[in-house]
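Only one structure is covered here, and it is reproduced in the block below.
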Amino acid sequence: MSIHEVHITIPHREAAHAIVQRTAHRFSGRYTVAVADEGDRSCVRFDGSVETPEQLEREFRALLLDDMLRARIETETASLRQLIVEAALRSALREPEAGA
Amino acid sequence: MKFQLISAFQSNADSGYRLLPFRFGRLPDRPDEVLVTGDSGRFTFLSQADFLAFADHRLDPTTTRARDLEGLDLLHRGDRPIPLDRHAIAWRTRKAFLFDGPSLHIFVVTLRCHHSCRYCQVSRRAESDAGYDMDEATARAAVDRLFESPARQLTVEFQGGEPLLAFERIRGIVEDIAARNRSQRRTITFVLASTLHGVTDEQLAFFREHRFELSTSLDGPAALHDLNRPLPTRESHARTLAGVARARAALGADHVNALTTLTRASLAHPEAIVDHYIEQGFTSIFLRPLSPYGFARRGLARQGYATGEFMTFYRRALAHLIRRNLEGHALTEAYATLLLSSILTPFAHGYMDLRSPAGAGLGVLLYDYDGAVYPSDEARMLAAEGDRRFRMGSVHTPYRELLLSEPMQAILAAGLTEGLTGCADCVFQPYCGADPVDAYARQADVYGHRPSSAFCARQTAMFELLFGYLRDGDADVMRVFQSWVQRRAVAEIRGEPPEAIDAAA
């Protein structure tokens with residue numbers, strides 16, 4: 001028997017709301033997903049045919065951990081990535097025939 | 001001038017190294033390993049423990065592992081300045097297409113065709129219909145636009161319908177281009193996409209004179225080909241092979257290629273399709289799934305299939321291709337070769353559908369028979385169904401206005417995988433691309449929705465399949481892949497895993 005509505009609550013102290021949204025979006029091809037910011041926590045609601053809610057929650061939390069790490073890496077490397085792209089574009093304008 | 005904060009240049013928490021930009025993910029059948037890809041396209045597999053140590057700055061920077069990761073441009077050890085110029089060159093090399101402007105110019109010289117293919121993407125017209133050929137004034141204006149493009153290397157492709165039904169227009173366009181190119185001095189390749197049925201000696205002599213590349217459709221053995229591409233006389237397959245033979249005799253075998261389009265009926269025959277290409281002496285096969293355009297859209301219910309079904313077919317076909325290559329038959333799969341080139345070399349591939357920024361408009365301009373200009377063949381197909389939202393203008397619109405047109409604004413906004421939800425943090429982003437026209441055709445939204453996108457599902461499955469092979473590192477398979485990427489015989493390739501695999505060993 002499948003369940004049609006599953007709720008997962010993530011306190012903000014565990015993961016920022018934006019990161020919970022990012023993870024929830026990954027499930028939006030399989031379920032109708034709604035994410036609400038409820039003060040100190042994010043509430044994710046999945047609508048659809050869910051065979052094992054526990055497995056869904058395990059999968060969600062595993063992907064959430066990855067997305068938290070991705071967010072940290074992005075924060076750490078974003079300025080460097082921007083510098084590299086700017087340098088590449090500058091060099092292309094300076095020497096349009098070189099390096100391409 | 002603005003300067004970055006000093007923290008942007010400092011090592012994190014004195015760990016002895018800085019992370020360089022990268023993405024990560026896992027292959028479905030290897031959940032305990034992490035695939036890490038850098039912006040330069042170099043990659044490695046790490047155990048979960050090693051990956052977390054690396055990302056958390058707990059890796060000893062003096063270890064071989066740290067040096068390997070530095071060699072792959074995934075971290076930078078010590079306090080020395082990061083060599084921005086070197087990383088910028090790597091980025092620029094992968095995005096080289098961005099600095100060329102449109103290099104592929106497609107001329108749809110007629111919509112008329114003598115076939116009634118079940119999967120036809122084009123809204124074709126009957127051979128005898130009038131008013132569906134490009135006129136001379138339109139052709140001359142399109143050539144004006146062609147030479148306004150800044151690209152030094154141009155590909156001019158003739159499509160239809162069946163373009164041979166408008167051969168005199170092709171001749172006029174080629175002669176016009178050749179005359180103007182005496183002063184322009186561009187490098188120009190001509191391509192003809194044709195059934196080759198009824199191609200004449202005079203036409204072949206013209207194609208030889210102008211060094212054409214001929215591309216035809218061959219869907220497999222006769223029963224399958226004739227089912228997919230019916231003619232009233234039921235001899236499409238025989239006529240295609242006859243056309244291929246005459247074209248090879250005139251131009252040389254290297255200048256005649258074939259593509260296969262896969263219908264539901266094709267999916268049961270991966271080995272037979274591959275073997276048929278070998279029997280017919282081709283050196284490349286492009287296993288293309290159906291497109292959601294034109295007449296094909298109406299036939300999808302009958303001929304279509306899910307991504308999973310396509311991938312089951314593709315896995316069998318690829319495994320068979322690898323076996324046959326190791327037996328000495330040199331036959332590449334074009335799509336796998338494109339992806340592998342992107343994964344295993346620092347260079348950009350030329351494939352328009354897998355660029356970021358999108359290839360539509362930025363890499364391709366299409367001149368329709370009626371003078372409309374579109375950013376891709378797919379945009380023209382949508383227009384033929386009545387949806388003209390991607391019409392950039394006409395052949396009489398200056399190049400600059402075409403590139404600044406409203407459809408191009410939409411394509412530019414939605415055509416950058418680095419900024420699209422679901423793409424930006426995807427581990428396969430360095431090798432993949434955005435196609436807002438395709439996203440719109442499939443999902444009625446130029447941005448698309450990756451979790452429910454068939455395009456994304458297929459791309460992801462393809463990358464997972466190829467990276468699975470790369471991770472396994474079988475020496476024979478690596479030789480085949482390298483032979484495809486390097487365009488050399490398998491026997492000339494030494495069996496070595498990609499350098500990146502060493503880091504996971």
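Listing for the model above:
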{"item": "Residues located in the range B:358-398, provided they are surrounded by 21 or more Cβ atoms within 10 Å (Cβ to Cβ) and in a loop (DSSP other than H, G, I, E, B)", "result": "B:Ala358, B:Gly359, B:Gly361, B:Leu362, B:Gly363, B:Asp368, B:Tyr369, B:Pro375, B:Ser376, B:Phe390, B:Met392, B:Val395"}
{"item": "A:Leu93, sole failed condition from (1) more than 8 Å from chain B (Cβ to nearest Cβ); (2) more than 30 Å from B:Ala348 (Cα to Cα)", "result": "(2)"}
{"item": "Hits in the range B:484-496 (condition: part of a helix (DSSP H, G or I) and either open to solvent by less than 40 Å² (accessible area, probe 1.4 Å) or touching a His at 6+ places or on another chain (Cβ under 9 Å) (or both))", "result": "B:Trp484, B:Val485, B:Val490"}
{"item": "Some residue of the range A:91-100 being part of a helix (DSSP H, G or I) and open to solvent by less than 70 Å² (accessible area, probe 1.4 Å)", "result": "yes"}
{"item": "Contacts under 8 angstrom Cβ, first residue in the range A:72-83 being farther than 13 Å from B:Asp425 by Cα, partner open to solvent by 50 Å² or more (accessible area, probe 1.4 Å), 6 or more apart", "result": "A:Glu76/B:Asn12; A:Ser79/B:Gln4; A:Ser79/B:Leu5; A:Leu83/B:Gln4"}
{"item": "Looking only at the range B:192-211, and only at residues there that are assigned to a helix (DSSP H, G or I) and either at pLDDT below 95 or over 27 Å from the mean Cα position of the chain (by Cα) (or both), the one that is nearest to B:Gly160 (Cα to Cα)", "result": "B:Gln203"}
{"item": "Every pair of residues 6+ apart whose Cβ atoms lie under 6 Å, when the first sits in the range B:8-23 and is within 11 Å of chain A (Cβ to nearest Cβ) and closer than 11 Å to B:Leu69 by Cβ while the second is assigned to a helix (DSSP H, G or I) and at pLDDT 95 or above", "result": "B:Leu19/A:Glu76; B:Leu19/A:Thr77"}
{"item": "B:Phe481 being part of a helix (DSSP H, G or I), more than 14 Å from every other protein chain (Cβ to nearest Cβ) and either closer than 27 Å to B:Glu418 by Cα or modelled with pLDDT of 95 or more (or both)", "result": "yes"}
{"item": "In the range B:153-206, residue most open to solvent (accessible area, probe 1.4 Å) [restricted to those that are among the polar types (S, T, N, Q) and farther than 28 Å from B:Glu235 by Cα]", "result": "B:Gln153"}
{"item": "Pairs with Cβ under 7 Å, 6+ apart, first in the range B:137-153 and over 21 Å from B:Ala96 (Cβ atoms) and assigned to a helix (DSSP H, G or I), second open to solvent by 10 Å² or more (accessible area, probe 1.4 Å) and among the aromatic types (Phe, Trp, Tyr)", "result": "B:Arg145/B:Tyr399"}
{"item": "Members of the range B:256-272 found to be aliphatic (A, V, I, L, M) and either outside the structural domain of B:Ala334 (by TED's automatic domain parsing) or within 21 Å of the chain's Cα centre (by Cα) (or both), listed by number", "result": "B:Val256, B:Ala258, B:Leu259, B:Leu262"}
{"item": "Set B:Pro430, B:Pro451, B:Pro407, B:Pro436: member being under 20 Å from A:Phe27 (Cβ atoms) and outside the structural domain of B:Phe347 (by TED's automatic domain parsing)", "result": "B:Pro451"}
{"item": "Residue list for the range B:244-281, filter: part of a loop (DSSP other than H, G, I, E, B) and in contact with an Asp or Glu (Cβ under 9 Å, 6 or more places away or on another chain)", "result": "B:Thr263"}
{"item": "Residue identified as open to solvent by less than 30 Å² (accessible area, probe 1.4 Å) and in a helix (DSSP H, G or I) among B:Leu214, B:Leu224, B:Leu241, B:Leu231", "result": "B:Leu224"}
{"item": "One residue from A:Leu56, A:Leu65 being open to solvent by 40 Å² or more (accessible area, probe 1.4 Å) and within 24 Å of B:His449 (Cα to Cα)", "result": "A:Leu65"}
{"item": "Hits in the range B:409-449 - residues which are among the hydroxyl-bearing types (Ser, Thr, Tyr), crowded, with 22+ Cβ neighbours inside 10 Å and farther than 28 Å from B:Arg42 by Cβ", "result": "B:Tyr440"}
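Per-residue answers, yes or no, for (1) of a type in the set (Asp, Glu); (2) on the phi > 0 side of the Ramachandran plot; (3) at pLDDT 90 or above; (4) in contact with a Ser or Thr (Cβ under 7 Å, 6 or more places away or on another chain):
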site	(1), (2), (3), (4)
B:Phe9	no, no, no, no
B:Asp14	yes, yes, no, no
B:Phe22	no, no, yes, yes
B:Phe45	no, no, yes, no
B:Gln48	no, no, yes, no
B:Ala66	no, no, yes, no
B:His76	no, no, yes, no
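The values are calculated or read from the model by the stated rules, or taken from the named source; none is laboratory data. Everything numeric here is computed off the predicted structure, so don't read it as measured data. As a convention, Cβ positions derive from the backbone with ideal geometry for all residues, glycine included, and neighbour counts pool all protein chains shown. Please note that ligands, DNA and RNA were not included when accessible areas were found on the heavy atoms of the full protein model with its side chains. Shrake-Rupley method; radii C 1.70, N 1.55, O 1.52, S 1.80 Å.
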